[in-house]
Every structure is written in C-alpha cells, then in structure tokens.
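Some notes on the structure that comes next.
Readers should treat all values here as calculations from the given coordinates under stated rules, not as data from a laboratory. For clarity, every value in this text was computed on a predicted model and none was experimentally measured. Ideal geometry is used to build each Cβ from the backbone, glycine not excepted, and the neighbour counts take in all protein chains shown.
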Amino acid sequence: MNRLMVLGLVAIGLLFGAGGMWLADRAAPVGAADEARIGRVVREYVLAHPELIPEAIERLQQRDATRAIAANRGAIETPYGDAWIGNPNADVTLVEYYDYNCGFCRASLPVIEKLVATDKNLRVVFKELPVLAESSRTAARASLAAAAQGKFKPFHDALYAAGQVSDATIAQAARASGVDLAKLPADVDDTLRANLELAQKLGINGTPAWVVGDQLLSGALPLDRLQEAVARARAS
C-alpha cells in the first residue's frame, strides 16, 4: 500500500485500539481492487473526521518519546554537577530542558520553586538546551561552569533576574554567585552537544520541555499540571 494509506490506517489504529489495529494489520500486500477500496474507506473517514489527525500525531509522538525516555533515562535524569534541586533521594525526578533566552523558562522559575516546596520527595534536574540564540550557548557554557563549581542555582537565578542575556549580564550573574568563568570544564561543549542530541531523540522542539516518568511535556505549565504529571509518574 502507499504511504498515505498506511499512515491513515495506523492513525486510526492509534485512536481506536484493537479495532483500529485490526485495520492496520490488514496493511499487508493485497490486490489492486482491495487496495483501492481500503484507500477510499480511509480517505473518506479521515476527510469526515479531520480532527483525528492531530490527535493521532500527538499520540504517535508521545509513544516515540516514551520509548526514547526509557532507552535514555540515565542520561536524562543525571544532572551535570549540582544542576538540581529538591530531595537527592527522591522517588520522582522531573527534568527541565531550558534556554536562558526563553521567557517561558523564566516564568517557570517560581512554579518550580513552589513544586519543590510542596513535594518533599521530588528532585528537579536542569538541562541546558541553548537553541534560541548564540548568547544562549554562551550562557549555557557559563551555567555548566557554575554547576561544576557547586554554584548552579545561585547563578541560574541571578542570570534570569539580570534581564536580557548578554556578556555583561552573564558576567554580572557570575560575580553575584561567585562563579569563576575562567574555569570552564573541558567537557562543556560535549555536554551541550549531548543535550541537543538527546533532545532531538525525545522530539523536543522548544523550551521549556519537561520529562517526568515516561511523559514528555512542553511549554510553560501551571503548578497543578506539573503536580499531576509528577503524581502520574509516582503512581507508575
């Protein structure tokens, strides 16, 4: 069958479970008449219910993300230096992928603080994902230096509080947190490259992005939404 037909069958299968997967199973080589008939059925159904396509794509992306999370959990949940807050012996780890030029990441700071304050059995790990500007990469390298020196959180908060990211605000945040920017770890570029490659595997296409349990979430989320995600991870 052609690619469109198979995608349609798989989409229906993702949405309707066993019945839909029976249809997908029929995607074995068939005669031209049957192929045309199935193609018409799929096309007519999708045209009649176009709202199913975004839902099917979202489910497919989440399924792929779940597999990628399971295959890379150690790398995802292991912080660089002290780039984490919360309980070191937590039963759930929430990972935030962020960019210092991301306003939504900045807005998420108080939400993360409240989340950790209200959940004493949670750890939050911070992962640099400098994708918005060249200054994002400069800031991320400085952040890794701070994490290697045991001063991540003071630097993290100071840089977000300093305003627009620039060489001047990075230096200001370093002074405020006592970070020596001349002492960049040798592996900073390798670490950033690994973060970007892993984010690509997970299907992350923006910041902030969150990984908790087997879930991948995107955007600036309210406290209750993150609490629900943590509760689902804890229950599983």
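Could you list, in sequence order, the residues of the stretch 67-121 that are part of a helix (DSSP H, G or I), in contact (Cβ under 8 Å) with a residue 24 or more places away in the chain and farther than 15 Å from V211 by Cα?
F104, R106, A107, L109, V111, K114, V116, T118
Please work out if A199 is in contact with a Leu (Cβ under 6 Å, 6 or more places away or on another chain), surrounded by 19 or more Cβ atoms within 10 Å (Cβ to Cβ) and within 19 Å of Y80 (Cα to Cα).
Spelling it out, A199 is indeed in contact with a Leu (Cβ under 6 Å, 6 or more places away or on another chain), surrounded by 19 or more Cβ atoms within 10 Å (Cβ to Cβ) and within 19 Å of Y80 (Cα to Cα).
Only one of these is in a strand (DSSP E or B) and not aromatic (F, W, Y): V124, V131. Name it.
Result of the check over V124, V131: V124.
For the stretch 169-205, which residues satisfy the criterion of being touching a residue at least 24 places away in the same chain (Cβ under 8 Å) and among the small types (G, A, S)?
Correct list: A173, A174, S177, G178, A194, A199, G203.
Among (1) closer than 30 Å to R175 by Cβ; (2) crowded, with 17+ Cβ neighbours inside 10 Å, which single condition is E134 missing?
It is condition (2) that E134 fails.
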